[in-house]
Each structure stands twice: as C-alpha cells, then as structure tokens.
1. What number of residues within region 138-178 satisfy the criterion of being over 17 Å from the mean Cα position of the chain (by Cα), closer than 22 Å to residue 115 by Cβ and part of a loop (DSSP other than H, G, I, E, B)?
2. Among the residues of region 25-40, are any of a type outside the set (D, E, K, R) and within 14 Å of the chain's Cα centre (by Cα)?
3. Filtering region 102-135 down to residues that are out of contact with any strand residue (DSSP E or B) (no Cβ under 6 Å at 6 or more places or on another chain) and at negative phi, which residue is surrounded by the fewest Cβ atoms within 10 Å (Cβ to Cβ)?
4. Can you find, within region 11-46, the residue that is least open to solvent (accessible area, probe 1.4 Å) among those that are among the acidic types (Asp, Glu), assigned to a loop (DSSP other than H, G, I, E, B) and farther than 30 Å from residue 96 by Cβ?
5. Suppose the filter is within 15 Å of the chain's Cα centre (by Cα) and either over 18 Å from residue 172 (Cβ atoms) or not hydroxyl-bearing (Ser, Thr, Tyr) (or both); does residue 68 pass it?
6. For region 149-179, how many residues are closer than 22 Å to residue 88 by Cα and in contact (Cβ under 8 Å) with a residue 60 or more places away in the chain?
7. In region 1-10, which residues are open to solvent by 70 Å² or more (accessible area, probe 1.4 Å) and either touching a Cys at 6+ places or on another chain (Cβ under 6 Å) or closer than 16 Å to residue 108 by Cβ (or both)?
8. Would you confirm whether any residue within region 64-77 is touching a Pro at 6+ places or on another chain (Cβ under 7 Å) and either free of Cβ contacts under 8 Å to residues at least 60 places away in the same chain or open to solvent by less than 20 Å² (accessible area, probe 1.4 Å) (or both)?
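The values are calculated or read from the model by the stated rules, or taken from the named source; none is laboratory data. The shown structure was predicted, so the numbers you read here are calculated from the model rather than taken from an experiment. No Cβ is skipped: glycine too gets one built from the backbone with ideal geometry, and neighbour counts run over all protein chains shown. Ligands, DNA and RNA are excluded from the accessible area calculation, which covers all protein heavy atoms including side chains. Shrake-Rupley method; radii C 1.70, N 1.55, O 1.52, S 1.80 Å.
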Amino acid sequence: MEFIKHRLSGVIECIPTKYHDERGFFYESYNQKRFASNGIPEDFVQDNYSFSTKGVLRGLHFQHNPNGQGKLVRVMTGKALDVVVDLRKDSPTFGQHEKFILDADKGNMLYVPIGFAHGFIALEETIFVYKCTNFWNKEAESGIRWNDPQLGIEWGVENPIVSDKDQILPDFDPNHPVF
C-alpha cells in the first residue's frame, strides 16, 4: 500500500496494491499495523455506508470536540469527488480545502483527521463507506454550507442534489474557529 501525504497536514491518501489474475483481483483495504506506521494510528469504532445516485452532494460535515471524528473514507462502487476543509485554527492551512477523486477501480482511500469538515459528490452511482474514530453524536454534529462563497469550492456539477439539512448549514466563519 502506498501512503501519500498532501498539502493539508494530516490528510493522507492510501492507495492499495491490487493483485489481479484471471479470477479478478484482491487487495488489503486496512491493516492497523501498516496504517499506524504510516501516520494513521487510529482506533476505528464505527463503520458507515451510504448509497448515492449521480449528482448527490453530502456535506460538509464534522462533529465538535470532544466528539470529533477522524474518518477513513473510500468508495466501494462508483466514483466521487471528495472534499476536505481545514478547520484547525492554529493550522497554516486554516480555511483551505483540498479535493480528491475517490475511485472504486483504483481502490484509493482518504484519511481525514479530526479538525476537518468533509463532504463528497457522487460522480456516478456510488457506494461510499467510511471508518470513524468516534461514535456519531447528534448533539455534536455540525457542518458548513457546501456552496459557501468564502470557501469557493468548485464541485464540478451544475445543480447537485443536496438535502434540506445540508442546504441550511452555516457559512464558514474564520472569526469563530471550530477546532
């Protein structure tokens, strides 16, 4: 497995080694020892699964501390544009975002540590799965509006399908850091 560190400190892309033969392919998607030795020492306590049709946008979500969640995200089928926003007030990349294409054929995953908002848009029918470092907590859940003009995220889709709940999330406020 290859582990790639990106511009936003703590965000790590994980690309598995796939073994192909006439029957199909095999790859190891998670190995705690290997992940820990490459900067992801987390204990994952919850797995989540969602299905989205093409054009569905989910996010940008996070949970407030002490219930923050680190996530290891990937797609089982399909392809998604994945977006992370750095909400760590002491980070040199505070308020900046980075985008990744998660592709089931490639098998790549993204580790999103606590302190980031996370969202994605399904570029085709997509099954999205993720491991979390903390349990879901309704009182701690929050987010930032997906089309916040301050963030300027280009999602690449003209009219995404966004839940009512995500449409009314607040804008990013750099004067009131979350983490």
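1. Within region 138-178, residues that are over 17 Å from the mean Cα position of the chain (by Cα), closer than 22 Å to residue 115 by Cβ and part of a loop (DSSP other than H, G, I, E, B) number 13.
2. no
3. Among those that are out of contact with any strand residue (DSSP E or B) (no Cβ under 6 Å at 6 or more places or on another chain) and at negative phi, it is 105.
4. 28
5. yes
6. So the answer is 9.
7. 2, 5 - these are the residues of region 1-10 that are open to solvent by 70 Å² or more (accessible area, probe 1.4 Å) and either touching a Cys at 6+ places or on another chain (Cβ under 6 Å) or closer than 16 Å to residue 108 by Cβ (or both).
8. Yes.
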